[in-house]
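Read through the structure below, which is laid out as structure tokens, and then see the notes.
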Amino acid sequence: MSNPPEDPERPEKEVEVLESDVTAPTPALVRGTLFQGGTLSAFGHRDFRLLWSGAFLSNVGTWVHTTALLWYVKDLTNSNAWVGAVNLASFMPILLFVLYAGSLADRVDRRKLIIVTQIVMMLAALGLAIATSLGQHSLALIMALTIGMGVAFVFNFPAWRAMVPDLVPQKDLLNGIALDAAQFNMARFVGPAIGAIIIHFWSVAGAFYINAASFLAVIAALLMIRARPVVTTVHATSTRAHVREGFSYLRVNSWAVKLLVVLMVEAVFGISTIVLLPSVSRDVLYGGSLLYGFLVGAIGLGAVLGAPLVTWLNKRFKERDLIKVSLSAFSVVLMVMAISKSEPLSLLMAFFIGVTFLMASASINTVLQSRVERNMRGRIMSFYILVFQGTSPLGGLLLGYISDKTSTPIAIGIGAAVCMLLAVIMIAVPSLLEDAVSTAYVAA
């Protein structure tokens with residue numbers, strides 16, 4: 001969520017960057033290669049490469065786990081609503097704790113906080129693996145362990161998002177965000193395919209064990225990152241007051257609120273349809289776990305290719321225009337997905353869901369991170385996560401219930417229709433996203 005040669009008509013970003021906040025580029029990598037001002041420019045910074053590599057391996061394991069979990073619940077209950085409920089359990093802690101997690105990310109050493117939360121998630125995944133291998137199929141136990149992982153995740157994610165700009169300079173920020181999104185979505189491409197194969201040839205428990213082991217990769221990477229001096233600030237205010245500062249910031253920055261509302265609608269009625277993919281595979285296309293894994297993987301592959309595309313387009317178009325176009329295309333693709341009865345067409349639409357949604361979310365993320373001060377970034381990222389990761393599972397639960405009462409295509413179609421309505425409103429009322437641009441345009 002790459003930097004080709006600078007466009008002479010686009011001004012330089014006038015943002016103060018502290019030297020201590022940026023990793024010095026590795027000369028062997030940046031000299032005369034695509035790592036300097038190219039599509040992989042953020043990889044010219046050692047700490048970013050370490051974090052990216054460890055996170056990729058860990059996220060592969062996470063998607064192996066998620067794919068196995070949703071298929072497992074669908075197989076146990078034959079209910080899309082229950083699949084949505086378990087998915088909600090993963091993210092419900094976001095609704096409860098994410099704003100406090102964002103405050104914590106602005107108060108403590110982010111690297112240490114991420115390490116602790118990764119260890120907690122690893123232990124929860126291991127517990128689920130052991131329970132499943134011992135034949136403990138209780139939905140209550142599944143929900144409890146899933147909620148435990150969710151609590152750790154909610155304190156991990158704001159710190160993670162806020163840490164990326166600490167590892168790359170401002171000129172490589174969009175590329176760093178896009179590549180960070182790309183590794184997550186590469187994992188979403190590779191992980192479900194691996195998970196589907198493991199389920200088919202081994203077991204659901206095996207997928208959970210692999211996820212538990214994968215956390216070791218990102219923990220090792222975090223331990224290898226060169227620690228920077230932590231600037232400690234005495235906070236006279238309470239955590240609650242610290243959170244209220246984030247709300248106050250949003251009250252005087254309406255551009256950020258508008259972006260978050262757009263993202264929330266698309267999350268609730270759009271990307272939340274991922275929880276219906278087990279039903280699409282089994283009930284609509286009459287496939288099995290392998291087809292399900294490939295559908296989820298196709299979304300990830302689309303997002304991987306969408307990451308460099310959005311970076312390239314960002315050098316030529318303002319973020320507000322990218323948001324409008326990508327979300328308009330997203331709604332059309334989702335509608336085609338709703339009416340598709342063909343495996344190849346459904347896989348193609350899943351691919352374009354990944355492309356279009358990544359372009360929109362990366363553009364929104366870039367505007368937020370670019371325009372927000374460093375000491376406020378963790379809290380604003382917590383709002384981003386609240387509306388994205390927190391509300392999407394609510395949408396999944398709603399659409400799962402609708403699909404149980406009607407059908408899966410109807411539920412997806414309703415979500416697509418709401419997204420189309422939002423796209424029409426954004427195009428018809430340009431002033432809604434007039435200020436949705438990064439610091440380069442603000443400085444101009």
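Residues are listed down the side, and each one gets a yes or a no for (1) at pLDDT below 75; (2) part of a helix (DSSP H, G or I); (3) of a type in the set (A, V, I, L, M, F, W, C); (4) in contact with a helix residue (DSSP H, G or I) (Cβ under 6 Å, 6 or more places away or on another chain):
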| site | (1), (2), (3), (4) |
| --- | --- |
| 177 | yes, yes, yes, yes |
| 181 | yes, yes, yes, yes |
| 186 | no, yes, yes, yes |
| 197 | no, yes, yes, no |
| 200 | no, yes, no, yes |
| 210 | no, yes, yes, yes |
| 217 | no, yes, yes, yes |
| 233 | yes, no, no, no |
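For every residue, the table says whether it meets (1) modelled with pLDDT of 80 or more; (2) under 19 Å from residue 73 (Cβ atoms); (3) part of a helix (DSSP H, G or I).
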site	(1), (2), (3)
113	yes, no, yes
124	yes, yes, yes
128	yes, yes, yes
143	yes, yes, yes
153	yes, yes, yes
157	no, no, yes
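List every residue pair whose Cβ atoms sit under 7 Å apart, with the two residues 6 or more apart in sequence or on different chains, where the first one lies in segment 328-344 and is polar (S, T, N, Q) and the second, anywhere, is in a helix (DSSP H, G or I) and buried (at least 16 other Cβ atoms within 10 Å of the Cβ).
328/423; 331/416; 331/419; 331/420; 331/423; 340/346; 340/349
Only one residue in 297, 302 is at pLDDT below 85 and buried (at least 24 other Cβ atoms within 10 Å of the Cβ), so which one is that? Break it down into steps so the answer makes sense when it comes.
On the way: 302 fails: at pLDDT below 85.
None of the other options fit; the residue is 297.
I need the full set of residues from segment 276-292 which are surrounded by fewer than 19 Cβ atoms within 10 Å (Cβ to Cβ) and among the hydroxyl-bearing types (Ser, Thr, Tyr), in order please.
Within segment 276-292, 286 is the sole residue that qualifies.
Collect the residues in segment 69-106 that are outside any helix (DSSP H, G or I) and within 17 Å of residue 161 (Cβ to Cβ), keeping them in residue-number order.
Let us first name the residues in segment 69-106 that are outside any helix (DSSP H, G or I), namely 78-79, 106.
Within segment 69-106, 106 is the sole residue that qualifies.
Quick one: residue 273 ticks every box in (1) buried (at least 23 other Cβ atoms within 10 Å of the Cβ); (2) over 30 Å from residue 194 (Cα atoms) bar one, so which box is it?
With respect to (1) buried (at least 23 other Cβ atoms within 10 Å of the Cβ); (2) over 30 Å from residue 194 (Cα atoms), residue 273 is out only on (2).
Output the residues belonging to segment 285-336 that are touching a Pro at 6+ places or on another chain (Cβ under 9 Å), in a helix (DSSP H, G or I) and over 11 Å from residue 354 (Cβ atoms).
Listed by number, the residues that qualify are 289, 292, 293, 294, 311, 312, 320, 324.
Scan segment 350-372 and give yes if some residue there is in a helix (DSSP H, G or I), closer than 18 Å to residue 410 by Cα and not small (Gly, Ala, Ser), otherwise no. Lay out the reasoning, then the answer.
Step one: of segment 350-372, the residues in a helix (DSSP H, G or I) are 350-371.
Then drop every residue that is not closer than 18 Å to residue 410 by Cα, which leaves 350, 353.
Then keep just the ones that are not small (Gly, Ala, Ser); that gives 353.
Yes, segment 350-372 contains at least one residue that is in a helix (DSSP H, G or I), closer than 18 Å to residue 410 by Cα and not small (Gly, Ala, Ser).
Pick out the one residue from 380, 412 that is crowded, with 24+ Cβ neighbours inside 10 Å, under 27 Å from residue 79 (Cα atoms) and of a type in the set (Val, Ile, Thr).
Working: 380 fails: under 27 Å from residue 79 (Cα atoms).
Residue meeting the stated conditions: 412.
Scanning for something under 16 Å from the mean Cα position of the chain (by Cα) and among the small types (Gly, Ala, Ser), does segment 119-136 turn up at least one residue? If you could, list the steps in order and put the result at the bottom.
So in segment 119-136, the residues under 16 Å from the mean Cα position of the chain (by Cα) come out as none.
No, segment 119-136 has no match at all.
Exactly one of these conditions fails for residue 61: (1) surrounded by fewer than 18 Cβ atoms within 10 Å (Cβ to Cβ); (2) of a type outside the set (Phe, Trp, Tyr); (3) modelled with pLDDT of 70 or more. Give me its number.
The failed condition is (1).
Scan segment 85-106 and tell me whether some residue there is at pLDDT below 85, among the β-branched types (Val, Ile, Thr) and under 20 Å from residue 188 (Cα atoms).
At the first step, the residues of segment 85-106 found to be at pLDDT below 85 are 85-106.
With the extra rule that they be among the β-branched types (Val, Ile, Thr), the set shrinks to 86, 94, 98.
Then keep just the ones that are under 20 Å from residue 188 (Cα atoms); that gives 86.
Yes, that holds for at least one residue.
The values are calculated or read from the model by the stated rules, or taken from the named source; none is laboratory data. Just so it is clear, the structure is predicted and the values come from calculations on it, not from any experiment. Cβ: placed from backbone, ideal geometry, glycine included. Neighbour counts: every protein chain shown.
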